[in-house]
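See below for the structure under consideration.
The values are calculated or read from the model by the stated rules, or taken from the named source; none is laboratory data. Just so it is clear, the structure is predicted and the values come from calculations on it, not from any experiment. Note that we place each Cβ from the backbone using ideal geometry, even for glycine, and neighbour counts take in every protein chain shown.
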Amino acid sequence: MPIVTLTSDLNTKDYYLAAVKAAAYSQIPDVKWVDISNHIPPFDMAKAAFVLKNVWKEFPEGTIHIVGVASDWSRETPYAIVKVKGQYFIGTDNGFFSLLFPEDIEVEWIRNLKLNGDEDLSFPTKSIFVSAAAKIASSQELDSFSEGAEGYKRRPLPIPVVEPDNLRGMAIYIDSYGNVITNITRDLFEREVGSKPFNIVVRRGDSDLNKISRTYNEVPQGEKVALFTEEGFLEIAINHGVEGSGGGAADLLGLRENDIIRVEILDD
């Protein structure tokens with residue numbers, strides 16, 4: 001049974017999501033459908049890439065991932081399939097794939113979808129991406145619906161600034177718990193900070209985060225905690241700080257996406 005996932009900005013208010021699923025159930029027998037997220041902010045490729053990046057490696061080989069975000073077609077941004085680690089990713093070649101995959105990942109192949117002119121370009125997630133997923137799932141000859149491409153387009157990622165006594169990163173994602181995830185990676189932190197004492201300074205000037213925890217429960221409920229996510233990004237959270245229990249880190253610390261998060265590196 002083929003596994004097909006969807007990451008989209010379709011939300012659940014309208015009929016669009018149901019239409020995509022209906023097309024998949026009609027075209028792919030015995031499909032196993034997985035909604036990764038359909039609440040990506042409209043056209044937000046970076047958010048879609050971050051969400052999918054944190055989960056796609058958990059799926060088995062042969063999984064087909066549809067990405068229905070910022071999917072407007074043009075000659076400069078064709079629809080593409082990228083195969084990585086035995087999995088297929090269908091989306092728009094507008095820089096999204098470079099946000100999803102690290103530069104050193106081994107890409108098996110990249111192919112652009114062929115269009116015959118009759119497709120509904122107003123709803124490509126349903127009319128084009130699902131159709132491509134069905135052809136992959138049925139092992140249809142790739143040349144019949146796609147053609148080789150040299151590579152996917154690159155879109156620059158915001159990277160932390162490294163200074164002699166500081167790391168300056170930014171909040172790149174706030175989850176439904178109010179946890180604030182930054183673009184400071186574990187590798188960068190360990191390389192630049194190592195065993196030196198440090199303070200993590202957030203928007204309101206709080207600087208009493210000077211420890212990296214392994215779990216939220218290493219601090220009392222309602223207290224700030226810093227830890228690394230499974231994918232290795234520095235996260236600022238409040239233990240049990242969800243709405244109704246005092247609020248999450250984003251609310252309590254006044255943090256929003258794109259706000260600066262600074263790690264002060266102190267003298268030993």
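Of all residues in the stretch 116-137, how many are farther than 16 Å from residue 27 by Cα, in contact (Cβ under 8 Å) with a residue 40 or more places away in the chain and of a type outside the set (A, V, I, L, M)?
Taking the stretch 116-137 as the starting set, the residues that turn out to be farther than 16 Å from residue 27 by Cα are 116-118, 120-123.
Adding the requirement that they be in contact (Cβ under 8 Å) with a residue 40 or more places away in the chain leaves 121, 123.
Going one step further and asking which of them are of a type outside the set (A, V, I, L, M), we end up with 123.
Number satisfying all stated conditions: 1.
A search for C-beta distances below 7 Å between a residue of the stretch 181-207 that is farther than 21 Å from residue 157 by Cβ and acidic (Asp, Glu) and any residue that is outside any strand (DSSP E or B) and at pLDDT below 95, counting only pairs 6+ apart in sequence or on different chains, returns 206/253. Note on the stretch 143-156: residues that are surrounded by fewer than 21 Cβ atoms within 10 Å (Cβ to Cβ) and either touching a residue at least 60 places away in the same chain (Cβ under 8 Å) or among the acidic types (Asp, Glu) (or both) total 6.
Would you tally the residues in the stretch 63-105 being assigned to a strand (DSSP E or B) and touching a strand residue (DSSP E or B) at 6+ places or on another chain (Cβ under 8 Å)?
Matching residues across the stretch 63-105 total 18.
I'd like to know if the stretch 7-27 contains one or more residues that are within 16 Å of residue 92 (Cα to Cα), under 13 Å from the mean Cα position of the chain (by Cα), not hydroxyl-bearing (Ser, Thr, Tyr) and not assigned by TED's automatic domain parsing to the domain that holds residue 181. Yes, the conditions are met somewhere in the stretch 7-27.
Is it the case that residue 109 is without any contact (Cβ under 8 Å) to a residue 60 or more places away in the chain, in the same structural domain as residue 122 (by TED's automatic domain parsing), over 19 Å from the mean Cα position of the chain (by Cα) and assigned to a strand (DSSP E or B)?
Numbers: without any contact (Cβ under 8 Å) to a residue 60 or more places away in the chain: yes; in the same structural domain as residue 122 (by TED's automatic domain parsing): yes; over 19 Å from the mean Cα position of the chain (by Cα): yes; assigned to a strand (DSSP E or B): yes.
So residue 109 fits the description; yes.
Residue 18 meets all of the listed conditions (1) modelled with pLDDT of 95 or more; (2) surrounded by 16 or more Cβ atoms within 10 Å (Cβ to Cβ); (3) farther than 18 Å from residue 176 by Cα but one, namely (2). Scanning the stretch 185-199 for residues that are part of a helix (DSSP H, G or I) and under 20 Å from residue 230 (Cβ atoms) returns 186, 187, 188, 189, 190, 191.
For the stretch 1-40, which residues satisfy the criterion of being in a loop (DSSP other than H, G, I, E, B) and touching a helix residue (DSSP H, G or I) at 6+ places or on another chain (Cβ under 6 Å)?
Those that are in a loop (DSSP other than H, G, I, E, B) and touching a helix residue (DSSP H, G or I) at 6+ places or on another chain (Cβ under 6 Å): 2, 10, 28, 31, 38, 40.
The single condition from (1) crowded, with 16+ Cβ neighbours inside 10 Å; (2) in contact (Cβ under 8 Å) with a residue 60 or more places away in the chain that residue 98 fails is (2).
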